[in-house]
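See structure below.
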Amino acid sequence: MTASEIDYTAVFATLPSPCLMLGTDLVTAAANQAFCEVTGRSRAELVGQYLFDVFPDNPADPEADGLETLKASLHRVLSSGQTDHMALQKYDIPVADDPEVFKERWWTAINVPVLGPDGKVAWILHRSEDMTDAVRTRRTAYLPSVSPGREAAMEAELYARARQLQQS
């Protein structure tokens, strides 16, 4: 089999990691099944939609900055043409059938430019991994004797350090 015989649409659709293909306007062009499953959305709910209309910041969380951080990463890809790796990020997502309710979610993501024939960014491949279970496991497994207030402070410090690394 040669590269020209590979069905890249089928490959994208079956990748085990959640992936989106975004246009330079940050409108979703494609979503694979893993992304649909992890977010509780169908392709029809995602494709053709501006990413941040579907996934706004949690209005009940005054410290929510997932939208701002992800948008900054995507714009770095657009301006530099280089892959951007994101640190662990808290970015709650709205419940599919009740968009006023948000579920706590922690993510890592990589945003990869896909260049067009002119050498400019034509698409962005957004690959994310839901790290929520790992964060929750860490909370219970490694901090059993830590008070909830101290746990929150430690988590905030970890998050702040991850953001500092992201910005450097």
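Within the full protein context, the accessible area of Glu100 is estimated at about 150 Å² for a probe radius of 1.4 Å. Length available on full extension from Ala122 to Arg138: 0.36 nm per residue minus the Cα-Cα distance, which gives 1.9 nm. For Lys120, the accessible area of its heavy atoms, probed at 1.4 Å with every protein chain present, is near 140 square angstrom.
Could you tell me whether the range 22-114 comes out rounded, prolate or oblate from its Cα gyration tensor? Rule is a ≥ b ≥ c as square roots of the eigenvalues, rounded for a/c under 1.5, then prolate if a/b exceeds b/c, otherwise oblate. Intermediate results must be reported in sequence, preceding the final value.
Details: a/c = 1.82, a/b = 1.24, b/c = 1.47.
Verdict is oblate for the range 22-114.
May I ask you to compute the full-extension gain from Gln33 to Thr14, defined as 0.36 nm times their residue separation minus their alpha-carbon distance, rounded to one decimal in nm? If you can, show how the numbers build up before the last one.
Working: separation 19, 0.36 × 19 = 6.84 nm, distance 0.67 nm.
Contour length minus Cα-Cα distance gives 6.2 nm.
The values are calculated or read from the model by the stated rules, or taken from the named source; none is laboratory data. If you're wondering where the values come from, they're calculated on a predicted model, not measured in any experiment. Keep in mind that these areas ignore ligands, DNA and RNA; they rest on the heavy atoms of the full protein, side chains included. Shrake-Rupley method; radii C 1.70, N 1.55, O 1.52, S 1.80 Å.
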